[in-house]
Every structure is written in C-alpha cells, then in structure tokens.
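A.B. asks: Structure incoming, see below.
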Amino acid sequence: MKTHDFYYDLPEELIAQDPLGDRSGSRLLKLDRFSGKYEHRTFKDITKYLREGDCLVLNNTKVIPARLIGEKISNISVMAMDEDSHGAKIELLLLKRKENDIWETLVKPGKKAKPGTRISFGDGLLIGEILDVVEDGNRLVRFSYQGIFEEVLDRLGEMPLPPYITHQLADKDRYQTIYAKYDGSVAAPTAGLHFTPELLEEIKAMGVDIAYVTLHVGLGTFRPVKVDNIMEHHMHSEFYQVLKEEADKINTAKNNGGRIICVGTTSCRTVESSCDENGYVKPGCGDTSIFIYPGYRFKVMDGLVTNFHLPESTLLMLVSAFAGRENILRAYQEAVKERYRFFSFGDAMIIL
C-alpha cells in the first residue's frame with residue numbers, strides 16, 4: 001500500500017486558523033463506515049448517534065507550553081548577560097521527559113545546538129544545556145532553574161501549535177480539552193476540543209458512560225510519512241496509561257452489548273494498545289508505537305469521533321483502516337465541497 005493512496009486535494013483556505021467561539025458549534029459529518037453514506041450535522045447533534053449503554057472514551061492528557069524561544073549563551077557567565085548581550089536565537093520544543101530535568105527536545109536551528117551548548121530562556125530564568133544528539137537529530141537537554149519547573153515553563157513557554165496554524169492563539173485554554181488533567185502532550189487530542197461541560201453532562205444523562213484514558217501526544221503522531229510503502233514507516237513511541245476503574249467501564253460496556261466510541265485517534269490507539277486478543281482493556285501503563293493502517297483488525301473500538309486529518313498522514317491511514325479508504329476519501333471530498341473547516345481547530349466526523 002502506497003503513501004500516495006491517501007492523498008486528497010485540500011484548498012489552503014479550508015485549514016482552520018482559529019477555534020470557534022462555541023466549542024460545540026462546529027460542524028459534524030456522520031459517516032456510516034459500512035455503507036459509506038454520510039449526513040451533515042452540528043457537533044451538538046452527536047447525542048443523536050449515542051445510546052444508553054455506550055461508553056465514550058476520552059484522552060485526558062494536557063498540553064504543556066512546550067515551545068521555548070531562547071538565546072545561545074556565549075562564553076560569559078549567565079549573570080553577566082544583559083540587554084546588549086544578544087546570543088543567537090534558538091527555538092526548542094520539549095518532546096518527552098526522560099528523567100528529572102532531562103528532556104528529549106527538537107531544536108531549531110540544529111547546527112547551533114551541539115553538545116555543550118547552553119541556552120538561556122527568560123533572561124536566565126531557565127538554562128538548558130545540550131547533552132547529546134539522539135534519534136532523528138533530537139537533542140537531550142538538561143535544564144537548571146530556581147523553583148518548580150512546571151511553573152517556570154508556564155511562564156516562559158508557548159503552546160506548540162502545528163505549523164499549518166499561522167495565527168497567534170489568544171487563549172491558551174482553547175488548545176486544551178475541558179477535561180485535560182495530566183501534563184505531558186506537545187499537541188492536543190483535537191477531537192476532544194469540541195466538548196463543553198454542558199454537552200458532556202447531557203451525554204451522561206443519556207446513560208452513556210465516560211471513560212478517561214491518557215496518551216501523551218508526541219510529534220511522532222504527526223510526523224510525515226516519508227516512505228512510499230507505508231509498511232516501512234516507523235511510529236515513535238508515546239506514553240499511555242489506563243487506570244483500572246476506567247478499564248472496567250470499557251469492559252462492562254462491552255460485556256453488556258454497548259459500543260466503545262473513542263474520541264480521537266489517540267484514545268483509539270490507547271485502547272487498541274492496552275487490550276488482549278478478545279478486546280478487553282487491561283489497566284496499566286507503558287509506551288506504544290502502534291501504527292494502524294488498512295488491514296488492521298480493531299479489537300475494542302466500535303465508533304470514532306475525529307477531526308479531519310492531513311493528506312498522506314498516519315492519522316488518515318487510521319481512519320481509513322476503520323471505515324475503508326474509499327469511504328473516507330469520498331467523505332473528505334464531500335467535506336471539501338461543503339466547505340468544512342479542517343485540522344486541529346476544524347470540524348469533526350463521527351464514524352459508526
């Protein structure tokens with residue numbers, strides 16, 4: 001199967017640059033994964049497709065302000081740096097915490113970030129030292145600071161919006177789900193951005209159970225597929241956790257004939273990584289590099305709520321595995337024709 005099999009043409013003006021004022025006011029395309037038929041709705045209408053006994057699975061990861069802009073420190077002390085002492089600008093993106101204050105990072109420009117290089121952020125409030133170059137040219141960085149790292153990061157860091165979003169984000173919380181809980185992601189599980197507290201309460205009142213899992217979204221999920229044969233693509237690992245109480249909710253719904261409906265590809269990848277051969281989710285934590293593409297047999301998921309994904313991306317391959325490549329590409333063509341908004345701040349699909 002070739003990467004180009006998952007290409008579609010998208011006018012640039014359909015890439016959503018800003019979130020809507022009303023989270024649940026986005027459009028919703030409902031796709032029947034068996035017949036390929038679709039309907040046009042608004043996201044609030046998602047309740048029409050849910051029923052008592054279903055279990056909705058949400059990813060409660062929280063995006064950290066992982067983008068840092070700093071200056072390379074010359075051979076002078078940090079204390080001696082002043083406004084007239086400008087080093088080379090360096091952008092750093094936190095990818096994964098390795099241990100204590102050591103992080104795997106993406107550094108731009110990489111040529112200025114050799115081992116031993118020191119970078120100052122916020123006039124010395126945070127200092128990073130490049131320790132080593134690892135896989136894909138990423139850098140291991142040790143940070144030093146006073147106080148609590150998360151508080152320093154919240155003060156100095158910016159939300160790591162995808163490169164196709166060129167507008168500044170006025171409110172950081174609009175790139176978080178309302179149920180975000182555990183710090184660790186460098187990108188939001190964007191299918192969950194459409195839910196409001198009121199909508200979730202309405203869904204619960206219908207008798208739909210809600211289970212929370214955690215998968216810290218890394219850049220690997222969005223990394224372009226650079227090989228012609230998709231089976232040669234390597235997914236980077238991401239940390240996930242499923243608590244026993246949440247696994248029990250999913251398994252109870254399954255036993256009682258309810259549908260397991262994942263909100264987002266990250267929730268899908270979590271339950272499919274943590275289940276046994278019979279589709280029962282096991283509590284625990286670990287790293288997953290699961291790559292789902294057409295031919296994959298889903299063990300847990302019966303339905304998927306998801307945004308519209310980039311052409312030739314692993315996420316488009318995942319939804320194609322669930323609903324069929326032809327069905328998905330036809331639905332995407334319809335969404336383009338109907339001027340849906342695409343990608344992170346865009347509209348949504350529910351596939352059942």
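Please treat every number below as a calculation from the coordinates, not as lab data. Just so we're clear, the structure is a prediction, and the values are computed from it rather than from any experiment. In this analysis, Cβ positions are derived from the backbone assuming ideal geometry, glycine residues included, and neighbour counts consider all displayed protein chains.
A.B. asks: Would you kindly enumerate the cysteines in the chain that have no other Cys beta-carbon under 4.7 Å from their beta-carbon?
C.D. replies: C55, C275, C285
A.B. asks: Could the peptides 161-169, 65-73, 332-340 be put in order, highest first, of the mean number of other beta-carbon atoms found within 10 Å of their residues? Don't skip to the end; give the middle numbers.
C.D. replies: Working: 161-169: 13.1, 65-73: 19.6, 332-340: 15.9.
With the highest mean Cβ count within 10 Å placed first, the list reads 65-73, 332-340, 161-169.
A.B. asks: Between C275 and residues 5 or more places away or on another chain, which pairs have amide H atoms under 5 Å apart, with H built 1.01 Å from N, and which residues are they?
C.D. replies: K282
A.B. asks: What is the Cα centroid distance between segment 86-136 and segment 1-35, reported in whole angstrom?
C.D. replies: Cα centroid to Cα centroid, the span is 35 Å.
A.B. asks: Would you give the gap between the C-alpha center of segment 272-293 and the C-alpha center of segment 150-203, rounded to a whole Å?
C.D. replies: 25
A.B. asks: Non-local amide H neighbours of K62 (under 5 Å, H modeled in plane, Pro and chain starts lacking H): which ones?
C.D. replies: Amide H to amide H, under 5 Å and 5 or more residues apart or across chains, K62 pairs with K181, Y182, D183, G184, S185.
A.B. asks: Sorted by mean Cβ packing within 10 Å, highest first, what order do the peptides 24-32, 99-107 take? List each step's numbers first, then the result.
C.D. replies: Working: 24-32: 19.6, 99-107: 16.9.
With the highest mean Cβ count within 10 Å placed first, the list reads 24-32, 99-107.
A.B. asks: Using the Cα centre of segment 67-156 as the reference point, and only Cβ charges (+1 on K/R, -1 on D/E), how large is the resulting charge dipole? Debye, rounded to the nearest 20. It would help to have the intermediate numbers written out before the result.
C.D. replies: On the way: 14 positive and 16 negative charges, 78 e Å.
Rounded to the nearest 20 debye, it is 380 debye.
A.B. asks: By count of other Cβ within 10 Å, fewest leading, how are M349, M235 ordered?
C.D. replies: In order of increasing Cβ crowding within 10 Å: M235, M349.
A.B. asks: Karplus couplings for segment 98-104 from phi (6.51 cos²θ - 1.76 cosθ + 1.60, θ = phi - 60°), rounded to Hz, Gly and Pro as x?
C.D. replies: Here the 3J(HN,Hα) series is 8, 6, 6, 9, 9, 10, 7 Hz.
A.B. asks: What residue among I165, Y179, G137 has its Cα farthest toward the positive end of the dipole of segment 136-202, where the charges are +1 on Lys, Arg and -1 on Asp, Glu, each on the Cβ?
C.D. replies: Comparing the listed Cα positions along the dipole, G137 ranks first.
A.B. asks: Would you mind checking which residues have amide H under 5 Å from K96's amide H? H placed 1.01 Å from N; only 5 or more apart, or other chain.
C.D. replies: The list, which skips near neighbours in sequence, is E104.
A.B. asks: Using the Karplus equation 6.51 cos²θ - 1.76 cosθ + 1.60 (θ = phi - 60°), what ³J(HN,Hα) coupling, rounded to whole Hz, does each residue of segment 203-213 give in order, writing x for Gly and Pro?
C.D. replies: So the Karplus estimates, Gly and Pro as x, are 5, 4, 5, 6, x, 8, 7, 10, 10, 10, 10 Hz.
A.B. asks: Applying the Karplus parametrisation 6.51 cos²θ - 1.76 cosθ + 1.60 with θ = phi - 60° to the phi angles of segment 20-29, what ³J(HN,Hα) value in whole Hz is obtained for each residue in order, glycine and proline being reported as x?
C.D. replies: 3J(HN,Hα) across segment 20-29, in whole Hz: 6, x, 9, 3, 8, x, 6, 7, 9, 9.
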